[in-house]
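Below is one structure, written out as structure tokens; the observations come after it.
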Amino acid sequence: MNWKSTLLWVVSFVLMLTIAVFQRTTGPTYPQKAAIFMNGKTIQVKLPTSADNDKDAIVSIPDTGRTMRGYYFFRKFNSAEHWTRYQMHHENDALIAELPAQPAAGKLEYRI
């Protein structure tokens, strides 16, 4: 192999790795990161954007003191349905919201 061919292979490999890492960290199924500011503290959370079809999607917010209360709202994506409101519950030092499982290609939009 000559040096041009080797250089082309190296550039192609580095470009492929860069694109793969970018897609993995910003793709549509990657959880969204958010920060909640409460009582002078910042709580970092990850909000899921996808889940298995056979299980409820779990949204978890750390709450070691079990002092927070919260509600979550959801509805089918891109619909005129009313928002359904539920109270979050505590489980293992976290405030939990359970979004119902959806059929294949089923989508929900939610707010916390």
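Tabulated results
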item: Cα-only radius of gyration and Dmax that characterise the chain, units Å; result: 20.3, 66
item: Stretch gain in nm, segment Thr29-Leu47, where the contour uses 0.36 nm per residue and the Cα spacing is subtracted; result: 5.4 nm
item: Of Ala34, Pro48, Tyr72, farthest towards positive along the dipole that unit charges on Lys, Arg, Asp, Glu beta carbons give segment 31-111; result: Ala34
item: Order by protection proxy (mean Cβ within 10 Å, highest first), peptides 26-34, 60-68; result: 60-68, 26-34
item: Computed FRET value (nearest 0.05) for Ala104 with Ile19, which takes r as the C-beta separation and R₀ as 25 Å; result: 0.35
item: Rough spin-label spacing in nm, given labels placed 7 Å along Cα→Cβ, for Lys76 and Asp93; result: 4.0
item: For Leu108, distant residues with modelled amide H under 5 Å away; result: Phe77
item: 5 angstrom amide H check on Met88, placed H, neighbours 5+ away; result: Gly70, Tyr71, Tyr72
item: Residue-wise HN-Hα coupling along segment 52-64, computed from phi with Karplus coefficients 6.51, -1.76, 1.60 (Hz; x: Gly, Pro); result: 5, 5, 9, 10, 5, 7, 9, 10, 10, 10, x, 8, 5
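FYI, it's all coordinate maths here, none of it is from the lab. Remember, it's a predicted structure, so these values are computed and weren't measured experimentally. Cβ sites come from the backbone with ideal geometry, for glycine too, and all protein chains shown count toward neighbours.
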